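Asks: Could you have a look at this structure, given as structure tokens, before my questions?
Nothing in this text is a laboratory measurement; each read-out follows from the coordinates by a stated rule. Not measured: the values here are computed from a predicted model. Heads up, the Cβs are rebuilt from the backbone with ideal geometry, glycines too, and the neighbour counts pull from every protein chain shown.
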Amino acid sequence: MATLWGGLLRLGSLLSLSCLALSVLLLAQLSDAAKNFEDVRCKCICPPYKENSGHIYNKNISQKDCDCLHVVEPMPVRGPDVEAYCLRCECKYEERSSVTIKVTIIIYLSILGLLLLYMVYLTLVEPILKRRLFGHSQLIQSDDDIGDHQPFANAHDVLARSRGRANVLNKVEYAQQRWKLQVQEQRKSVFDRHVVLS
């Protein structure tokens, strides 16, 4: 039991440390990197003109050169029509922060990793704690053992044991057991009524 508990703690700490190391490594790489050429672009949307269909042009250039003459290549029209064609085009300079995108993804993956660790805790560690705290006694008895006049008899036993160990886990366990017993009683009464009405 102790070796299983120690193994789970080591596994959890190893996963946490690996996520932390990966995050630090990615952040160090991002801080050293300069702005990527793909983080900026000029986008020109040109509508149809004469016999030319509309087209969208993208080019990685500086903001001062973001106009139709520098972005639209090859130019679909020649001569005096170039100026009329360019006046119809709408060019916008677009910039994005890949660092912000990567940091957001790292935060998202870290939260996902924490939720995964919590799921491992709930599925593996919590049953071990329940057995350790309450022994191997059955907390929920069958319908025949509970009786109609004492629906919460077993829950009171759980409360009496948990008072000796004033612990948040015991209080949560007591509330959970009480809720399960209430649901069980409601289910029993609903099925009894259903049988009577049938």
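Asks: Taking amide H positions as placed 1.01 Å from N in the peptide plane, with prolines and chain starts having none, which residues 5 or more places from His55, or on another chain, fall under 5 Å of its amide H?
Replies: Cys46
Asks: Give the calculated FRET efficiency between Glu38 and Ser189 to the nearest 0.05, with a Förster radius of 41 Å applied to their Cβ-Cβ distance.
Replies: 0.05
Asks: From the mean inverse distance of alpha carbon pairs (Kirkwood) and the Cα radius of gyration, derive Rg over Rh for region 40-95.
Replies: Radius of gyration relative to Kirkwood radius: 0.96.
Asks: Could you pull out every one of the lysines with an alpha carbon less than 21 Å from that of Lys130, ignoring same-chain neighbours closer than 8 positions?
Replies: Those lysines meeting the cut-off are Lys171, Lys180.
Asks: In the neighborhood of Glu94, defined by Cβ-to-Cβ distances under 10 Å, what is the net charge if each Lys or Arg adds +1 and each Asp or Glu adds -1?
Replies: Local net charge: +2.
Asks: Still on this structure: Just to confirm a number: summing +1 for Lys and Arg and -1 for Asp and Glu over residues other than Tyr85 whose beta-carbon lies under 15 angstrom from that of Tyr85, what do you get?
Replies: That sum, taken over residues with Cβ under 15 Å, equals -3.
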